[in-house]
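The values are calculated or read from the model by the stated rules, or taken from the named source; none is laboratory data. Bear in mind that the values here come from a model prediction, so they are computed numbers and not experimental data. So basically every Cβ, Gly included, is an ideal-geometry build from the backbone, and we count neighbours across all protein chains shown. Note: areas computed on protein heavy atoms with side chains; ligands, DNA, RNA excluded. Shrake-Rupley method; radii C 1.70, N 1.55, O 1.52, S 1.80 Å.
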Amino acid sequence: MDRCATVLAPDRDKQYCELCGKMENLLKCGRCRISFYCSKEHQKQHWKKHKLTCREADKSKTVPQTPHQQDKTDPDLINRTESSETVSSSTTKPKPQSHKLATDYIVPCMNKHGICVVDSFLGEDMGLSILEDVKALQQTGKFTDGQLVSQKSDSTKDIRGDKITWIEGTEPGCEKICFLMSRMDDLVRNCNGKLGNYSINGRTKAMVACYPGKGTGYVRHVDNPNGDGRCVTCIYYLNKNWDAKANGGVLRIFPEGKAQFADIEPKFDRLVLFWSDRRNPHEVQPAYATRYAITVWYFDADERAKAKEKYLITGAGEKGVKVELNKPSEPR
C-alpha cells in the first residue's frame, strides 16, 4: 500500500509525526494503529513516551499480548498507512457536515500545524461539474497572465506561469464555481472565531488558475507578506488522475520554524487551507500537464481595516467582496 500523500480524513486528526509534527509520507504504528511517524528512526526516538499510550491501546484489543510483546520496540511495528483516498472516500463513509468537519478537524489541524488538507470535499460529480465550468470559462479567452502583488518589472513569467481569471460567482456559466464558493464560506463560517485570533468577515473573489503545463510553476513566495488582511488561503484542486511523479505541479509549503516541508499533490476534489502570512512560504513546482485550481483568500476584519487605511484601499479592495459569515449560504 502506498504511503499517505497528505494529511487526511477529518476524523483522523492525529495523522502527523508524533515526534516532529511532519504531515507527509507517514507510517503507522503497527501495534496501536493510532499514532504516526515520518520514519522508523523517529518512532524509536519517541518510543519511551509513546509506549505508555501504545500499551493502553493494546489493552483494548481482543487478542491479549505477552509482556515480551508489549515491551518490544522492533521498528517493523510500523506499517504503511492507508492512502488518504481510501480513508476519506465518500463510498466508504458518510461525508461529514460542515460544522463537524470544521470544528473536529480543520480548527485543531490549522491551529496546530497551520496547514490542513481535506480530500473528497464535494464528491466526484460536483467536482466534474466545476471542472466543466472552468474549462468553459477558459475557452472564452478571459484568462490572463497571473500578476504579482507588487508589480515592479516585466519578469512576471519568470516568477509565476499561471493563467488566471477572477470570478465573483454571479457570472453566467459559473454556477458550479459559485456553489464551491458557498461551501467554502460555510466551512469558514463554522471555523470563525476559532482559527487563531482571527475574526473573518470577508473574502476575495475566486481566482481560477490554470498552469498550462510545459514546466510552468510559481516560485517560492508568501501570499500576504505585508499585512493586507488575508489570513487564510483556501485552494480547491480539479486535476483528475493527477500523477505527481509524471506531472509535477506539487504545492510545496515551508512552514516557518520547521525543518520539514509539506508536499501536497493537486489531486481532484482536494481542498487545502493554510495561513496566508509569512508563516507559510510556498511554491508551485513545475507542472508538465494542465493543472487547475480555484483559490479564495479570507480576510481578518481588523487587519483588513488597517490595510485599507494604510494603503488607501477603496471599497472592498482589489478583488475583494463582502461575505456575511454569520448566516449560512443560500443553496445553489
Determine whether region 208-230 contains at least one residue that is closer than 17 Å to Lys135 by Cα, in the same structural domain as Thr144 (by the TED database) and in contact with a Leu (Cβ under 9 Å, 6 or more places away or on another chain). yes
Please tell me if Met126 is modelled with pLDDT of 95 or more and either over 27 Å from Ala209 (Cα atoms) or surrounded by fewer than 20 Cβ atoms within 10 Å (Cβ to Cβ) (or both). yes
For region 221-242, state whether one or more residues are within 24 Å of Arg278 (Cβ to Cβ), in a strand (DSSP E or B) and modelled with pLDDT under 95. yes
Some residue of region 273-288 being farther than 19 Å from Leu180 by Cα and touching an Asp or Glu at 6+ places or on another chain (Cβ under 6 Å): yes
Restricting region 97-121 to residues that are touching a Phe, Trp or Tyr at 6+ places or on another chain (Cβ under 8 Å) and closer than 19 Å to Met181 by Cβ, which is most open to solvent (accessible area, probe 1.4 Å)? Phe121
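If I ask for residues that are free of Cβ contacts under 8 Å to residues at least 60 places away in the same chain and in contact with a strand residue (DSSP E or B) (Cβ under 7 Å, 6 or more places away or on another chain), which ones from region 170-180 would you list?
Cys174 - this is the single residue of region 170-180 that is free of Cβ contacts under 8 Å to residues at least 60 places away in the same chain and in contact with a strand residue (DSSP E or B) (Cβ under 7 Å, 6 or more places away or on another chain).
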Run Leu137 past the list (1) modelled with pLDDT under 90; (2) farther than 17 Å from Val296 by Cα; (3) aliphatic (A, V, I, L, M) and report the number of the one that doesn't hold. (1)
In region 203-236, residues that are open to solvent by less than 20 Å² (accessible area, probe 1.4 Å) and under 16 Å from Tyr288 (Cβ atoms) total 4
If I go through region 288-332 residue by residue, how many of them are assigned to a loop (DSSP other than H, G, I, E, B), modelled with pLDDT of 90 or more and not small (Gly, Ala, Ser)? 1
Per-region count, region 255-287, residues of a type outside the set (Lys, Arg), open to solvent by 40 Å² or more (accessible area, probe 1.4 Å) and not in a strand (DSSP E or B): 6
Among the residues of region 243-254, write down those that are open to solvent by less than 30 Å² (accessible area, probe 1.4 Å) and in a strand (DSSP E or B). Gly248, Leu251, Ile253
Residue under question is Ile200, and the condition is that it be over 19 Å from the mean Cα position of the chain (by Cα) and of a type in the set (A, V, I, L, M); does it hold? no
Hey, any hits in region 151-171 for a residue that's open to solvent by 40 Å² or more (accessible area, probe 1.4 Å), farther than 30 Å from Pro281 by Cβ, modelled with pLDDT under 95 and not in a helix (DSSP H, G or I)? yes
Would you mind finding the one in Gly196, Gly161 that is touching a strand residue (DSSP E or B) at 6+ places or on another chain (Cβ under 7 Å) and assigned by the TED database to the domain that holds Val296? Gly161
